[in-house]
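**Q** If you scroll down you'll find the structure; I have some questions about it.
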């Protein structure tokens, strides 16, 4: 079991680096910038934490210094990855809904509110009686990760249902990235529930988590290594709920018009408007009286 943990810990940064290179080669760094940032954070985190874990004696660190550096390095990287996960969900949704800008705008508002509430909830849960700074960080980040995992699974479910109406296919990178996130999110939720009932199974959960991450990185690498089919032009019937809700969403985003109600007096107009009205009145057979 220890060999599996060591193997996955060394394999993960290599797969992260390969994923970054494949995104650059596919010339889609701009579209998947949050995805690339997530891989870069994992790569940097793995490099720093593995160095601390296996080379701390050569760095002449005391046990307390090693614990502080490893603790804050581990949970800081987890918090950054969870936040980047929220931005990845937003970017994937935006790419998937590009043909329907009205629904895209409405969905972005909903996801932003969900993300804001999730962050506030994670911070609130972190507080409690006799809470130390370490336990506050641990509880808050874990809650943030679990909320992000739930939103990720909702996003994957939506992409699966909307993939054909949006002109996509199961070979598209939008689906591939969503699938990888779904695998990772499912593993995180299952292991969190497992450890809550069986804390002594920490070593097995570490192996499962490492295998899940490597599997996710492999899925992403395959999708970016293979050519992506072009997006089909979507043809929606007028009775389609996607078409109807997109029109409603676009109308909701327009500014309303205004009409004058009641008596209109001259002091309501600007001087330039009054001058135009005066000149137009002079050209009439019966000029308007001021």
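**Q** Here is a list of conditions, (1) in contact with a helix residue (DSSP H, G or I) (Cβ under 7 Å, 6 or more places away or on another chain); (2) closer than 10 Å to residue 96 by Cβ, and residue 172 meets all of them except one; can you say which number that is?
**A** (1)
**Q** Still on this structure: Does residue 186 count as farther than 19 Å from residue 23 by Cβ, within 21 Å of the chain's Cα centre (by Cα) and modelled with pLDDT of 85 or more?
**A** So residue 186 fits the description; yes.
**Q** Given 158, 136, 87, 127, which one is farther than 26 Å from residue 75 by Cβ and in contact with a helix residue (DSSP H, G or I) (Cβ under 9 Å, 6 or more places away or on another chain)?
**A** When all the criteria are applied, what remains is 158.
**Q** Tell me yes or no: at least one residue of the range 62-71 is in a helix (DSSP H, G or I), in contact (Cβ under 8 Å) with a residue 40 or more places away in the chain and more than 18 Å from residue 10 (Cβ to Cβ).
**A** yes
**Q** In addition: Test each condition in (1) under 13 Å from the mean Cα position of the chain (by Cα); (2) under 20 Å from residue 220 (Cα atoms) for residue 113 and report the one that comes out false.
**A** (2)
**Q** Do we find that residue 172 is over 18 Å from residue 36 (Cα atoms) and out of contact with any strand residue (DSSP E or B) (no Cβ under 6 Å at 6 or more places or on another chain) in this structure?
**A** no
**Q** Step by step: first the residues of the range 30-49, then only those that are assigned to a loop (DSSP other than H, G, I, E, B) and closer than 16 Å to residue 85 by Cα, then the one that is nearest to the chain's Cα centre (by Cα). Which residue is that?
**A** 32
**Q** Is it the case that some residue within the range 107-120 is touching a residue at least 40 places away in the same chain (Cβ under 8 Å), crowded, with 17+ Cβ neighbours inside 10 Å and in contact with a helix residue (DSSP H, G or I) (Cβ under 9 Å, 6 or more places away or on another chain)?
**A** Yes, that holds for at least one residue.
**Q** Check 151, 157 and return the single one that is loosely packed, with under 15 Cβ neighbours inside 10 Å and more than 26 Å from residue 71 (Cβ to Cβ).
**A** Answer to the check: 157.
The values are calculated or read from the model by the stated rules, or taken from the named source; none is laboratory data. The structure displayed is predicted, hence computed values, not measured ones. Note that we place each Cβ from the backbone using ideal geometry, even for glycine, and neighbour counts take in every protein chain shown.
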